[in-house]
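The values are calculated or read from the model by the stated rules, or taken from the named source; none is laboratory data. Note that this is a predicted model, so its numbers are computed, not measured. Because the Cβ atoms are built from the backbone with ideal geometry, glycine has one as well, and the counts that use them run over all protein chains shown. For accessibility, only protein heavy atoms count, side chains too; no ligands or nucleic acids. Shrake-Rupley method; radii C 1.70, N 1.55, O 1.52, S 1.80 Å.
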Amino acid sequence: MRSIALASLLAVFVLVPPALCQTVDPTGARLDTALRALEAKGFSGVVRVDRDGATILEKGYGLANRAERRPFDRSTVVQIGSNTKDFTLVALLQLQERGRLGMQDSLAKYFPDVPADKRSITLAQLANHRAGFPIGIGGDFEPLSREQFLDAAFKRPLSFAPGAREQYSNTGYAVLAAVIEQVSGKTYDEYLRDNILDPLGLKNTGFLLPNFDARRLAHGYRDDQDQGTMLSKPHAADGPYWNLRGNGGMLSTVDDMHAFYKALFESSTLLKPESKMGRFNPDEPIGLAGSDLVNFFEYDRLPGRHLEIIVATNNAAFGGRPVRAAIEQALGLPSDRGGQVAATTPRANARPPAPGVAAMLSDLVNAINAADSSHLARLVGEHFLVEVGDPPAEQRVTRLLGIHQNLGNLKVTGLDEIEPGVVEMSVMTAQEGAATTKFLLVGSPSPRIKGIQMLVGG
């Protein structure tokens, strides 16, 4: 009887397709155990981990669409957020390689009517976030045409002289998308399809042109409320509206993003090595992430450890930070996201802000952490500059409350006046880790807040 049972067992074993044996690698099993534990706490998303060129884990957790009970899997289409910028940069470098533009070209070459303060801005400064444009000039889904967007962007005062320093800017990348369209004669979506996606055989990346089946798209969730998908939000007939085009909004799968970055870092399919201008070095570790504070996407490449990690999530209450921490622990990696503040290089000209400014900003942070709308309304009335075209006070209060809603409590870890009228606050957020907030101030001796720019993830 025992020999018959053994023969039956062997027959069953031989018939199991190797592709179904997903946890042979003990590291993959540890990863799966850690991520299933997070799933029980609210994590929903998809994770792919490769080591030494082999996939040790690729699996979905939780639901991509709660109403229809659709689970995440490797084919789920997710938002990639600011990783869109990598496609924009590749497009620009391709056009330079083909002699269609130069990264040292100025805006005046492409937009003859650009105002004098912006005429000398180069494409390289825009790509390196050194042009002086703000992080954004409006809502992602504001129905702006290309011409309307450029008019608004060019009228907006620069935060600093071009090239003087670095400041993350979605607006700058949208301007670059306009250059790509003008030079190529194609829409942004069309250019990417014809020159990046099709050559790599990527059929699950883009915006409108992939003609996605809506059932494959992950929905975003905040406070258990369905925020819909990127394609359910307002958009133009040929792609995202212009506050988002070229800097965010793209959709993809973890498999397509793996193939894109593999081609970019490990081959000359998209760009010759000399065309990369020092970018996409295959020997340097890199982390590329994007988030709208509901959906989160991150690509990490650790060549020294022969690792690639891709994470996508769709629940604002459970962002990428705890997922990445669990992966690091399962892989035995040192964690830089465990609540510790990484050391930063002091700015040469930084100094403590005036005591009154420091007290005002501390009061603002305390009101945000308490989610105290009455206190915030008072602070907005007393300390915020009001100019023609600015949002009403109620909208500003709502935006400040949204910081607490999306990021949790803020712990201030640094406060410096980095130049006259600009105070930079470093914070550790409860939900998404490190963040940098810049306060633009005007007037004296009691300055008012003209604007706030917040970059999550440093």
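Just give me the residues in segment 255-292 being of a type in the set (A, V, I, L, M, F, W, C), open to solvent by less than 40 Å² (accessible area, probe 1.4 Å) and either farther than 20 Å from ASP198 by Cα or outside any loop (DSSP other than H, G, I, E, B) (or both), in sequence order. Walk me through it before giving the result.
Pass one, segment 255-292, residues of a type in the set (A, V, I, L, M, F, W, C): 257, 259-260, 263-265, 270-271, 277, 280, 286, 288-289.
Now drop any that are not open to solvent by less than 40 Å² (accessible area, probe 1.4 Å), which leaves 257, 259-260, 263-265, 270-271, 280, 288.
Result: MET257, ALA259, PHE260, ALA263, LEU264, PHE265, PHE280, LEU288.
Going by the structure shown, is THR171 out of contact with any Lys or Arg (no Cβ under 6 Å at 6 or more places or on another chain), of a type in the set (S, T, N, Q), more than 30 Å from ASP213 (Cβ to Cβ) and open to solvent by less than 10 Å² (accessible area, probe 1.4 Å)?
Values: out of contact with any Lys or Arg (no Cβ under 6 Å at 6 or more places or on another chain): yes; of a type in the set (S, T, N, Q): yes; more than 30 Å from ASP213 (Cβ to Cβ): yes; open to solvent by less than 10 Å² (accessible area, probe 1.4 Å): yes.
Spelling it out, THR171 is indeed out of contact with any Lys or Arg (no Cβ under 6 Å at 6 or more places or on another chain), of a type in the set (S, T, N, Q), more than 30 Å from ASP213 (Cβ to Cβ) and open to solvent by less than 10 Å² (accessible area, probe 1.4 Å).
In the list ASP198, ASP189, which residue meets the criterion of being acidic (Asp, Glu) and open to solvent by 50 Å² or more (accessible area, probe 1.4 Å)? Outline the logic, then answer.
On the way: ASP189 fails: open to solvent by 50 Å² or more (accessible area, probe 1.4 Å).
The unique qualifying residue is ASP198.
So the check is Cβ under 9 Å with 6+ separation or different chains; which pairs have a first residue in segment 132-161 that's open to solvent by 40 Å² or more (accessible area, probe 1.4 Å) and outside any loop (DSSP other than H, G, I, E, B) and a second one that's at pLDDT 95 or above and among the basic types (Lys, Arg)?
Listed by first residue and then by second, the contacts come to ARG146/ARG245.
Can you name the residue in segment 317-329 that is in contact with a strand residue (DSSP E or B) (Cβ under 7 Å, 6 or more places away or on another chain) and open to solvent by 10 Å² or more (accessible area, probe 1.4 Å) and, of all such residues, is nearest to ARG36 (Cα to Cα)? Before you say what the answer is, go through the steps one by one.
Filtering segment 317-329 down to residues in contact with a strand residue (DSSP E or B) (Cβ under 7 Å, 6 or more places away or on another chain) leaves 319-321, 323-324, 327.
Imposing the further condition that a residue be open to solvent by 10 Å² or more (accessible area, probe 1.4 Å) reduces the set to 321, 324.
Working: ARG321: 16, ARG324: 13 Å.
Ranking the qualifying residues of segment 317-329, first place goes to ARG324.
Residues in segment 211-231 that are at pLDDT 95 or above and either closer than 18 Å to ALA178 by Cβ or in contact with a helix residue (DSSP H, G or I) (Cβ under 8 Å, 6 or more places away or on another chain) (or both): how many?
The number of residues fulfilling the criteria is 5.
Which of the residues that make up segment 388-421 are of a type outside the set (Val, Ile, Thr), touching a residue at least 24 places away in the same chain (Cβ under 8 Å) and open to solvent by 30 Å² or more (accessible area, probe 1.4 Å)?
Correct list: LEU401, HIS404, GLN405, ASN409, LEU415, ASP416, GLU417, GLU419.
Could you tell me whether segment 422-441 includes any residue that is of a type in the set (Ser, Thr, Tyr), without any contact (Cβ under 8 Å) to a residue 24 or more places away in the chain and either open to solvent by 50 Å² or more (accessible area, probe 1.4 Å) or over 21 Å from GLN167 (Cα atoms) (or both)?
Kept after step one, since they are of a type in the set (Ser, Thr, Tyr), are these residues of segment 422-441: 426, 429, 436-437.
When the remaining residues are screened for being without any contact (Cβ under 8 Å) to a residue 24 or more places away in the chain, the result is 436-437.
If we keep only those that are either open to solvent by 50 Å² or more (accessible area, probe 1.4 Å) or over 21 Å from GLN167 (Cα atoms) (or both) too, we end up with none.
No, segment 422-441 contains no residue that is of a type in the set (Ser, Thr, Tyr), without any contact (Cβ under 8 Å) to a residue 24 or more places away in the chain and either open to solvent by 50 Å² or more (accessible area, probe 1.4 Å) or over 21 Å from GLN167 (Cα atoms) (or both).
Could you go through segment 75-83 and let me know if any residue there is over 26 Å from the mean Cα position of the chain (by Cα), modelled with pLDDT of 95 or more and either surrounded by 20 or more Cβ atoms within 10 Å (Cβ to Cβ) or not β-branched (Val, Ile, Thr) (or both). Working first, answer last.
Applying the first criterion (over 26 Å from the mean Cα position of the chain (by Cα)) to segment 75-83 yields none.
Checked against the condition, which is being over 26 Å from the mean Cα position of the chain (by Cα), modelled with pLDDT of 95 or more and either surrounded by 20 or more Cβ atoms within 10 Å (Cβ to Cβ) or not β-branched (Val, Ile, Thr) (or both), segment 75-83 yields no hits at all.
Take the residues in segment 293-304 that are outside any strand (DSSP E or B) and touching a helix residue (DSSP H, G or I) at 6+ places or on another chain (Cβ under 9 Å), then tell me which one is most open to solvent (accessible area, probe 1.4 Å).
Here is the first cut: in segment 293-304, the residues outside any strand (DSSP E or B) are 293-295, 303-304.
Those still in the list that are touching a helix residue (DSSP H, G or I) at 6+ places or on another chain (Cβ under 9 Å) too: 293-295, 303.
Numbers: LEU293: 50, VAL294: 14, ASN295: 12, PRO303: 32 Å².
The selected residue is LEU293.
Give me the pairs, please: first residue somewhere in segment 212-234 and at positive phi, second residue anywhere and of a type outside the set (Val, Ile, Thr) and open to solvent by less than 50 Å² (accessible area, probe 1.4 Å), beta-carbon distance under 8 Å, and either six or more positions apart or on two chains.
ASP223/ALA316; GLY228/HIS219; GLY228/GLY220
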